[in-house]
1. From the list 374, 402, which residue is outside any helix (DSSP H, G or I) and of a type in the set (A, V, I, L, M)?
2. Exactly one of these conditions fails for residue 248: (1) away from the ligand (no atom under 13 Å from the Cβ); (2) more than 15 Å from residue 107 (Cα to Cα). Give me its number.
3. Just the residues that are touching a His at 6+ places or on another chain (Cβ under 7 Å) and closer than 17 Å to residue 250 by Cα, please, taken from the stretch 67-116.
4. Quick check on the stretch 383-424: of everything there that is modelled with pLDDT under 95 and of a type in the set (Phe, Trp, Tyr), which residue is surrounded by the fewest Cβ atoms within 10 Å (Cβ to Cβ)?
5. Exactly one of these conditions fails for residue 306: (1) modelled with pLDDT of 95 or more; (2) closer than 20 Å to residue 204 by Cα; (3) small (Gly, Ala, Ser). Give me its number.
6. Which of the numbered conditions does residue 119 fail, given that it passes all the others? Conditions: (1) modelled with pLDDT under 90; (2) under 23 Å from the mean Cα position of the chain (by Cα).
7. Does residue 330 fit the bill of being of a type outside the set (S, T, N, Q) and over 24 Å from residue 218 (Cα atoms)?
8. Can you find even one residue in the stretch 288-297 that is away from the ligand (no atom under 16 Å from the Cβ), crowded, with 24+ Cβ neighbours inside 10 Å and touching a residue at least 12 places away in the same chain (Cβ under 8 Å)?
Amino acid sequence: MKNDLFSRAQKLIPGGVNSPVRAFGAVGGSPVYMVSGSGAHLQTADDHQLLDYCGSWGPLLFGHAHPAIVEAVQRAAARGMSFGANTPAEVEFAERLTAMAPSLEMVRLVSSGTEAVMTALRLARGFTGRDKIIKFAGCYHGHSDSLLVNAGSGLLTGGIASSAGVPAALAAATIILPYNDLAAVDQAVALHGDDLAAIIVEPVAGNMGLILPEPPFLAGLRAAADRCGALLIFDEVITGFRFGPTTYGHLSHITPDLTTLGKIIGGGMPLAALGGRRNVMSALAPLGKVYQAGTLSGNPVAVAAGIATLTLIENDPPYARLDSLGRQLAAGLNAAAAKVGTPFHCLREGGAFTPFFMASPPTNLDQAMQCDTAAHAQFFNYMLKQGIYLPPSQFETGFISAAHTPADIEQTVAAVTDWHTTRP
Ligand SMILES: Cc1ncc(COP(=O)(O)O)c(C=O)c1O
């Protein structure tokens with residue numbers, strides 16, 4: 001590695017990384033350092049080109065450095081990096097976002113998914129006057145205290161059930177249930193319904209690998225929340241604008257009370273949002289008593305990237321293409337495994353996918369945990385050597401961008417086929 005970047009980083013940055021999954025803990029070896037990206041490809045610091053399926057963990061719907069987004073960012077930056085004051089662009093962004101996702105009657109812009117979800121929970125608690133929340137095992141909602149219990153993503157990778165430093169009282173207010181288990185939800189609502197502020201869910205789970213909601217699950221959550229007066233929060237930091245030009249709530253015809261967004265809406269810049277019912281959102285300061293603020297909230301450079309991304313989505317929606325590429329990839333990967341009899345199942349929705357090393361597709365965290373993580377680690381490292389960069393953990397989601405081509409997918413399927421046939 002050029003100048004031994006990881007050793008230098010480890011001296012100054014805990015674990016050498018600024019976000020734990022980047023440490024390659026689940027797959028071994030030294031993390032890769034990126035210097036640039038263009039379309040579907042990355043350039044590493046040691047001069048390798050990689051075909052990228054990590055996509056910065058989801059934001060890059062149009063691939064790296066899309067010219068329209070880069071130009072919007074450059075123009076906004078030249079006008080000023082931050083004002084800490086209101087801008088015309090944030091009004092335009094709010095208008096565009098709410099037009100594309102009308103269940104967001106009002107929105108508040110923030111800088112990260114964590115901040116959006118943390119605020120949505122505080123708002124749910126402030127609005128209902130209740131403390132408890134239901135979340136689902138393996139769903140990750142950012143790293144705020146209430147939500148770092150039985151979470152997915154980097155905690156799963158690191159084998160951490162709950163972060164140190166989370167006050168016991170907050171952990172106790174978080175009720176953890178299995179994903180896709182409506183009977184468990186009904187039971188919890190019967191027991192805790194009067195104290196329940198919110199049910200929060202990833203409507204398609206992306207942080208224990210990709211796991212799809214079974215048909216009655218989301219509608220059942222809506223009914224359960226209505227029954228006890230809790231708010232339903234869809235955490236759409238991954239799913240928002242991933243599967244269509246709107247939220248997954250709109251695509252599935254289930255209307256949550258609050259929705260959190262991040263990743264894609266910022267086009268690669270730190271931009272996130274929470275939005276939903278007008279009467280709930282009106283409880284946020286300065287209208288209401290639930291406090292939230294941010295020096296860089298609605299940052300004009302990030303908002304410019306967001307507007308450029310929404311414009312690209314409206315002018316040239318990539319979803320049919322992503323679905324077709326995703327179908328090609330999953331079919332190719334499943335066929336390659338079937339040929340040699342490896343227990344394997346690539347789960348996918350649109351252009352999002354997870355290759356699970358197990359015979360049948362998981363529907364919850366317990367099942368996902370049964371997969372062969374050692375085989376996944378071996379697979380990840382083989383693919384990296386072939387110039388294909390996947391998310392460095394079994395419990396993450398890969399993303400195809402609009403910049404990928406059928407030839408890229410063919411190249412990937414060929415590499416996976418080689419791995420299956422040559423592995424010891
Ligand atoms: C569903 C979900 N919610 C919230 C977050 C937190 O977002 P951020 O990393 O921007 O804080 C993530 C991050 O991966 C996520 O996947």
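The values are calculated or read from the model by the stated rules, or taken from the named source; none is laboratory data. These numbers were taken from a predicted model, which means no experiment stands behind them. With ideal geometry, Cβ positions are generated from the backbone for all residues, glycine too; neighbour counts draw on all protein chains shown.
1. After applying the criteria, what remains is 402.
2. (1)
3. Passing the criteria: 101, 103.
4. 419
5. Result: residue 306 fails condition (2) only.
6. Unmet for residue 119, out of (1) modelled with pLDDT under 90; (2) under 23 Å from the mean Cα position of the chain (by Cα): (1).
7. So residue 330 fits the description; yes.
8. No, the stretch 288-297 contains no residue that is away from the ligand (no atom under 16 Å from the Cβ), crowded, with 24+ Cβ neighbours inside 10 Å and touching a residue at least 12 places away in the same chain (Cβ under 8 Å).
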